[in-house]
Structure formats: C-alpha cells, structure tokens
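The values are calculated or read from the model by the stated rules, or taken from the named source; none is laboratory data. All values reported here derive from a predicted model rather than from experimental measurement. Cβ sites come from the backbone with ideal geometry, for glycine too, and all protein chains shown count toward neighbours. Surface accessibility is based on the protein's heavy atoms, side chains included, excluding ligands, DNA and RNA. Shrake-Rupley method; radii C 1.70, N 1.55, O 1.52, S 1.80 Å.
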Amino acid sequence: MAGQFRSYVWDPLLILSQIVLMQNVYYGSLGLWLALVDGLLRSSPSLDQMFDAEILGFSTPSGRLSMMSFILNALTCALGLLYFIRRGKQCLDFTVTVHFFHLLGCWLYSSRFPSALTWWLVQAVCIALMAVIGEYLCMRTELKEIPLNSAPKSNV
C-alpha cells in the first residue's frame, strides 16, 4: 500500500537499539543525578543507590535526595524519548521496558525481589512522569505544521 502517511515497518534491530539506547540514557542520567546528590551530601557513591530498593525512603536525607534523583531522572529520560524515540505512541512502551529492566537489575543486584513500598511508589511516579511528559513532547513535535509551499514568495 504505497503512499501511507508514517507507515510503520517492523524493524527489530531498530527496536533493540532504541531499547539499549534508552537504558544507557536511563542509567547515565541517573548516575549523573546521584553523583550530584552525593556531591551535595559529601557521601561516597555506591551502586546501592541505584539498585537497592531499601535505600529509597522518607526517613533519611539521603533517601529523600535519592528519590528526588529518580524523579529528576524521569524528566531527563522524557527528553531522551523526545530525541531518540520520537513517536508519541511508543513512549509508554519504552518507558515500561526501561523500568522493567531496572526491576530485573534491582532483583539481580540485591538477590531479592524489591518489596519496599517507597521503591514501588517512586517507580510508579517515575513511569507516569516519563511516559506522560515524553508523550507530550513527542506529540508536540508530531503536530507541527508541515510547510506546503517551499518556493520563495513573489511580491505581486
């Protein structure tokens, strides 16, 4: 069917490369946000901050700042969706995929399934923020006007 607007072609290599790219964006920006928090608290960086579900919490300043890092990371990853995925329909798919792999990483790292309620709440908020803001940004670019006349205008 020729002439379809934005026809979608199944390309598994593209999808896999986008998944890997979004995982890199997720962990790269999370690492930067956590490094900034560690610099503010003058604490030593640790992989526990990324992968241990017990670190996140309201009771300690480091737990609150780590939660803030995850929230800011969701906003940063929404920009990653805009620049690397570029399709509003796929934002939720890639967001859930990134967080699913993060769940698996946390499970493997700590050798137990994450059971902390605050970890699940933070992940739910991050999924919602990343998907909604990413979809909004992608839809804004998808709905831009398409110029129909590219020839220079003449004064008559």
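Couple of notes before you dig in:
- Helix axis angle, 91-110 relative to the chain longest principal axis, alpha carbon, degrees: 20 degrees
- Considering every alpha-carbon pair of region 13-138, the percent of pairs per 5 Å bin, from zero through the bin containing the longest distance, is 2, 12, 22, 24, 19, 13, 7, 2, 0.
- Within the accessible area of the chain (1.4 Å probe), percent carbon and sulfur: 68 percent
- Accessible surface, per residue, of region 13-138 when the full set of protein chains is kept, probe 1.4 Å, Å²: 53 Å²
- Rounded to the nearest 500, the 222 nm mean residue ellipticity of the chain from helices alone is -22000 deg cm²/dmol, with -39,500 (n - 2.57) taken per DSSP H run of at least 4 residues.
- Calculated FRET efficiency for the pair residue 24/residue 89, C-beta based, R₀ 22 Å, to 0.05: 0.50
- Entry note, the chain: relative contact order of 28 percent, from Cα contacts under 8 Å with a spacing of 6+ residues.
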